[in-house]
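Here the structure comes first, spelled out in structure tokens, and everything after it is commentary.
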Number of protein chains: 4
Amino acid sequence: MIIVARKGITPDELDHIRERVEALGLRTHISIGETRTIVGCIGDEARLSHVSLMSIPGVDSVHPVMRPYKLAARDFAADRTSRVQVGDRTFGGSACLVAAGPCSVENEGMMKATGHAVVKEGAALLRGGAFKPRTSPYSFDGLKEEGLRILARVRDETGLPVVTEVLDPRDAELIAGYVDMLQIGTRNMQNFSLLREVGQLQRPVLLKRGMSATLKDLLLAAEYVMSKGNMQVVLCERGIRTFGAETRNTFDLAAIPWLKMETHLPVIADPSHAGGRRDLVAPLSFAAVAAGADGLIVEVHPDPETAVSDGDQSLTFGGFAGLMRDLKVFAEAAGRTL
Amino acid sequence: MIIVARKGITPDELDHIRERVEALGLRTHISIGETRTIVGCIGDEARLSHVSLMSIPGVDSVHPVMRPYKLAARDFAADRTSRVQVGDRTFGGSACLVAAGPCSVENEGMMKATGHAVVKEGAALLRGGAFKPRTSPYSFDGLKEEGLRILARVRDETGLPVVTEVLDPRDAELIAGYVDMLQIGTRNMQNFSLLREVGQLQRPVLLKRGMSATLKDLLLAAEYVMSKGNMQVVLCERGIRTFGAETRNTFDLAAIPWLKMETHLPVIADPSHAGGRRDLVAPLSFAAVAAGADGLIVEVHPDPETAVSDGDQSLTFGGFAGLMRDLKVFAEAAGRTL
Amino acid sequence: MIIVARKGITPDELDHIRERVEALGLRTHISIGETRTIVGCIGDEARLSHVSLMSIPGVDSVHPVMRPYKLAARDFAADRTSRVQVGDRTFGGSACLVAAGPCSVENEGMMKATGHAVVKEGAALLRGGAFKPRTSPYSFDGLKEEGLRILARVRDETGLPVVTEVLDPRDAELIAGYVDMLQIGTRNMQNFSLLREVGQLQRPVLLKRGMSATLKDLLLAAEYVMSKGNMQVVLCERGIRTFGAETRNTFDLAAIPWLKMETHLPVIADPSHAGGRRDLVAPLSFAAVAAGADGLIVEVHPDPETAVSDGDQSLTFGGFAGLMRDLKVFAEAAGRTL
Amino acid sequence: MIIVARKGITPDELDHIRERVEALGLRTHISIGETRTIVGCIGDEARLSHVSLMSIPGVDSVHPVMRPYKLAARDFAADRTSRVQVGDRTFGGSACLVAAGPCSVENEGMMKATGHAVVKEGAALLRGGAFKPRTSPYSFDGLKEEGLRILARVRDETGLPVVTEVLDPRDAELIAGYVDMLQIGTRNMQNFSLLREVGQLQRPVLLKRGMSATLKDLLLAAEYVMSKGNMQVVLCERGIRTFGAETRNTFDLAAIPWLKMETHLPVIADPSHAGGRRDLVAPLSFAAVAAGADGLIVEVHPDPETAVSDGDQSLTFGGFAGLMRDLKVFAEAAGRTL
């Protein structure tokens, strides 16, 4: 931590700053310049996070120099990259894994049809929401446990591991009993009770970036899960909220390589939510894989026109087949198998 | 709902659109222009929300014309404004209510000192967090039930009704047993399980706007609470996340008058989180009240320099006394008592 | 400037950093910690701005500690506040000055009518665009010099000093010959040729904040004008572009008190563009004045329904009279005359 | 244009709306529903853009249904894609063109070295700024005409067509006399005088997206240039300003495929400014090309550590060679030659 003192700070004020910092077990190093005085704080910066340094008289600005996350930091993993096993698939290795399926589990028929259609084209996981977060209280919010049962049956038939969203800490254990990977959605990225809950389960977690979360916020959310003992976290860029009006969200492509440099955790992208339009799914998928993504999560529906949610951005079966065919060459260019 | 058809739509495609809409019980009204064809949908627009209109062949764009919230809409209240009673104080009437207190309940001594200091200056409620949402899993996250007991004792001593944050649906009932008003924080504005849970309790709710929530999103979050039967909701503007780097958040002042025109619910502001700096609290408070706010929620601490959280933006007791003195004249200018 | 070195920096790399900094005439101060090494750079930070410090091997992050503007900084003015004289009106003193008038000068009749209407209600300046920036090349873009002649005649009749926008450096001198204050619009806040041009004229400048400009960017734009010798700059907050969908722009109210603490220049607000709706003009005006604004610029039109631009946000004459009447009490509360 | 009338509109008000619209030469089509009344306006929507429809009593909201640009719209070009010739290179065909060079022309030696280095690796154009927009008035702002002469000499030696930025309409003709392509920078995307000026020259224009410009704004800026007769416009996505703190700008990858679907103009990307970091240039470049970009513009410098501007994001010669080698396979995957 570096503390910059206000112009004209008195020696007493400077002493007070030094005493406060040293009382917390850090050493200080003071540089008195012509126009500014700098107090370098040497030692465990985390101890200062409980203190309101800006409130100390004479302090002008405060500059943290250490990362606030540890377990999620790249250096934490021996070989700087970690693998997350979901069923018999592995995120973070040389394969580019594609999770595919509808926004919502609507009924068994459509899930089976989707499962068979996507596994044939090379999908690695099946997605589908049984508990749905909806902006309006009047929208369809999922089949709940019946949806989980359907997911489990389709997994058994197709062999595809299943990922589904958890909204409420009280449902986490139930859901973990049915599925292979727990998704924390964008609206719950900072639902700390939920993060702690899934941190105590031994199920891999797909953590989607919050709509207005910085990448540091995302890594701190991962740190919540990991600090409870569950190290199996996969991060997902799914677009952020900006002034941009032409797409549903703004796909922050640079998040992918930035995260790959900053953390050892696998990173995937959700082109369906990022663009919000069926015809943007393919180019966003190609770009994500070219930029180094370890996988994708894509919405696919037997009949998007009748989908109860997110139909505008869902691929048809034919559309998904086309995506996988065209994606292959980009995955290879990126040194990956699909 | 207005559906704009793509240029060159075929009569069959147009028929198909009409059938889909009419099958849901709405009437259609078609205008064929030189460059565009318009399908007006007359009836209950909510029925269309389950359908992916953009997926129907020939559709170019879709324009909703009705508000997605009902209970929160201004017309829902007979006199277009509702009052929310918290203890013996009333939000939404002629009084401008100020909730004051520390970010976190740290111990009984500091809460008592704060309670007595703020009640003397005219505060209407006491705030203080017993369950704290923290970006890092390593930060202090509150005294939990011990904090609630302290809050209840300070209320008994000072007569100030107490507001505190709920983070987890499993804690809602416990917290409601101790305090007078339940706060839903900015990170949980779209935690729909939590919204439903507090909707089932008979405690007034202080609903803070999410960091990247539009005002429609905020009203839909209120609608969640209200749709479960709890109509006692107070909305709070607390700043949004933008590119702005000089303040902690961007205080969206216009949200206050916009909400007052759009909903019957009381609207207050949080100048402490909006600005993130002690010296911005007063001007932001004056502005909020001038723009029509029904109240404020302000952070006050006996010794901000040692606060375990948010010290940079907390007022000292002296600072709070000054704020209340200076605020009086603006409240009067706005036709309110303080 | 503080340079934080990467973990594991070699002594040679550290020497190289020190040499680079000292070669530019600054002194260095090195603190070697357990996990980080810090190089404090003491002296004229501006000299480092030409150097790509991040490109030096071993550098992890760079933290400027000095403000990049000098003439615009608050300390530059002897009494920390400066006054800008426009005709016989003074921005930055105890009066709250209101500039009023239409978006565009449409013809002499409507300008005369507007001038007489607003001067009667206490407006201090007349606004009106003769050269108009328009998002579409097919929109009306102003009467040009004929508009300037109209503005000058209305000033002569009403005694109101006139402010109008300059879009092109080639027009600056012509416009300065007719009007009392030159406006730099939001789209030109970083049109550096134009800023330099008005910096060479002896006409006060009304500098509007860019749609995505930080407050530091705004002060640097003022610094451009001032560095050419023209110190008469008034800053204007007019809303920024964010995800917010309910208002035309997001009115960044906190910009007003932040700027008042950071610069000696007068600061006003434009509630018409910030909100984009007639019914938001009054509450935004009250808030701006309560937060310390030195004035306002407001759109007024004899018949907003027929205005060639910005009719949605223009007040009628009656609306303006009401605004001025209601604003008076807030101006007084803020210790100002209207 | 669709006009939605307020609940409870009177027949007189409705008549007035109809008269206003029909007086402008459009036909109307009125649908009276249970909760809303809709006025469809059929004909040339552009005629309504001069009218403040929201100011007409009884109007609740207004929904444009036509695109505001014509020349830039995809349908305008016979084969829905246009080509822009710069020297002997063609944007918009099967080749992916890479423009490379330093941020600023610093001297003849470094430009020659750079020109030779990048042509060898397959660059298609040389970039370099002779007139530089700088946020601070105290930063280096370019060699001006001397810089142009250097650019012209390096073109003659290397055969690389040259692109450089124009800041001031007064310099446009001079610059067009030396170089092959005129760049409009991000801060000038809505400098309408400058857009009109380059619209009158017969030099191809590289139009960079403004920091807070929507894609519609960008196409309208292109329309300005085209409406003056210069159809040779290439669009460039270079990142937008958001809350994102980890990268210099937020690279809006989806802009590339969205623009390719919406306009016939070629679209390129600037990974250097988007990411602001040397190590992000390659992954952002791969992604842009995978998403369909017609080219890239990349900063390259002989010694980034000593660059007078943008050193942090400039590639070394070795870095550029590596980029071009690795990019080849992605270009091929996208069906392009490099």
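Condition (residue is under 28 Å from A:Val51 (Cβ atoms) and free of Cβ contacts under 8 Å to residues at least 60 places away in the same chain) applied to the range B:190-207: is it met by at least one residue? No: zero hits. Of all the criteria given as (1) closer than 23 Å to B:Ala288 by Cα; (2) more than 13 Å from chain D (Cβ to nearest Cβ), the one not satisfied by C:Ser272 is (2). Screening D:Met110 on (1) among the hydrophobic types (A, V, I, L, M, F, W, C); (2) touching a helix residue (DSSP H, G or I) at 6+ places or on another chain (Cβ under 9 Å); (3) assigned to a helix (DSSP H, G or I); (4) open to solvent by 10 Å² or more (accessible area, probe 1.4 Å) shows it passes everything except condition (2).
Considering (1) within 14 Å of chain A (Cβ to nearest Cβ); (2) over 21 Å from C:Ile256 (Cα atoms); (3) open to solvent by 20 Å² or more (accessible area, probe 1.4 Å), the lone condition that B:Arg278 does not fulfil carries the number (2). Residues that are among the β-branched types (Val, Ile, Thr) and either part of a loop (DSSP other than H, G, I, E, B) or at the interface with another protein chain (Cβ under 8 Å from one of its Cβ atoms) (or both) occur at least once in the range B:235-242. Here C:Ala73 clears all of (1) more than 14 Å from chain D (Cβ to nearest Cβ); (2) under 22 Å from the mean Cα position of the chain (by Cα); (3) open to solvent by less than 20 Å² (accessible area, probe 1.4 Å) except the condition numbered (1). Within the range B:143-170, restricting attention to residues that are out of contact with any helix residue (DSSP H, G or I) (no Cβ under 7 Å at 6 or more places or on another chain) and under 22 Å from B:Arg209 (Cβ atoms), the residue that is farthest from the other protein chains (Cβ to nearest Cβ) is B:Val163. Scan the range A:273-303 for residues that are touching a residue at least 60 places away in the same chain (Cβ under 8 Å) and part of a helix (DSSP H, G or I) and the total you get is 2.
Suppose the filter is open to solvent by less than 10 Å² (accessible area, probe 1.4 Å), touching a residue at least 12 places away in the same chain (Cβ under 8 Å), outside any loop (DSSP other than H, G, I, E, B) and more than 13 Å from chain A (Cβ to nearest Cβ); does B:Leu265 pass it? Here the answer is no, as B:Leu265 does not meet what is asked. When C:Met211, C:Met226 are checked against the criterion of being within 12 Å of chain D (Cβ to nearest Cβ) and within 30 Å of B:Lys216 (Cβ to Cβ), C:Met211 stands alone in meeting it. Is it true that A:Ala254 is closer than 18 Å to D:Ala333 by Cβ and either at pLDDT 95 or above or buried (at least 23 other Cβ atoms within 10 Å of the Cβ) (or both)? So A:Ala254 fails the test. Here B:Leu48 meets each of (1) more than 8 Å from every other protein chain (Cβ to nearest Cβ); (2) modelled with pLDDT under 85; (3) open to solvent by 20 Å² or more (accessible area, probe 1.4 Å); (4) under 38 Å from the mean Cα position of the chain (by Cα) with one exception, condition (3).
Residues checked against (1) open to solvent by less than 20 Å² (accessible area, probe 1.4 Å); (2) charged (D, E, K, R):
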position: B:Gly159; (1), (2): no, no
position: B:Val166; (1), (2): yes, no
position: B:Glu173; (1), (2): no, yes
position: B:Ala176; (1), (2): yes, no
position: B:Gln183; (1), (2): yes, no
position: B:Leu195; (1), (2): yes, no
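The residue that is nearest to D:Arg20 (Cα to Cα), among those in the range C:304-318 that are free of Cβ contacts under 8 Å to residues at least 60 places away in the same chain and of a type in the set (D, E, K, R), is C:Glu305. Only one of the numbered conditions (1) surrounded by 20 or more Cβ atoms within 10 Å (Cβ to Cβ); (2) modelled with pLDDT of 95 or more; (3) more than 30 Å from C:Arg67 (Cα to Cα); (4) not basic (Lys, Arg) is violated by C:Gly322, and that is (1).
Of all residues in the range D:133-144, one or more are open to solvent by 30 Å² or more (accessible area, probe 1.4 Å) and touching a residue at least 60 places away in the same chain (Cβ under 8 Å). Looking only at the range D:24-45, residues that are open to solvent by less than 20 Å² (accessible area, probe 1.4 Å) and among the polar types (S, T, N, Q) come to 2 in all.
Give the range C:220-251 a look and list any residue that's crowded, with 24+ Cβ neighbours inside 10 Å, within 24 Å of C:Ala99 (Cα to Cα), among the aliphatic types (A, V, I, L, M) and in contact (Cβ under 8 Å) with a residue 60 or more places away in the chain, or say none. Scanning the range C:220-251 gives C:Ala222, C:Val233, C:Val234. A count restricted to the range D:319-338 and to residues that are of a type outside the set (D, E, K, R) and free of Cβ contacts under 8 Å to residues at least 24 places away in the same chain stands at 1. The set of residues in the range D:286-307 being surrounded by 24 or more Cβ atoms within 10 Å (Cβ to Cβ) and either among the aliphatic types (A, V, I, L, M) or within 14 Å of chain C (Cβ to nearest Cβ) (or both) consists of D:Ala287, D:Ala288, D:Val289, D:Ala290, D:Ala291, D:Ala293, D:Leu296, D:Ile297, D:Val298, D:Glu299, D:Val300, D:His301.
Just one of the numbered conditions (1) away from chain C (no Cβ under 14 Å); (2) open to solvent by 50 Å² or more (accessible area, probe 1.4 Å) is not true of D:Val84: (2).
Kindly indicate the residue of the range C:51-70 that is open to solvent by less than 50 Å² (accessible area, probe 1.4 Å) and without any contact (Cβ under 8 Å) to a residue 24 or more places away in the chain and also nearest to the chain's Cα centre (by Cα) among those meeting that condition. Per the criteria, the residue is C:Ser52.
The values are calculated or read from the model by the stated rules, or taken from the named source; none is laboratory data. Worth saying up front: this structure is predicted, and the values here are computed from it rather than measured. Positions of Cβ are backbone-derived with ideal geometry, glycine not excepted, and every protein chain shown enters the neighbour counts. Quick note on the areas: whole protein, heavy atoms, side chains included, nothing else; ligands and nucleic acids left out. Shrake-Rupley method; radii C 1.70, N 1.55, O 1.52, S 1.80 Å.
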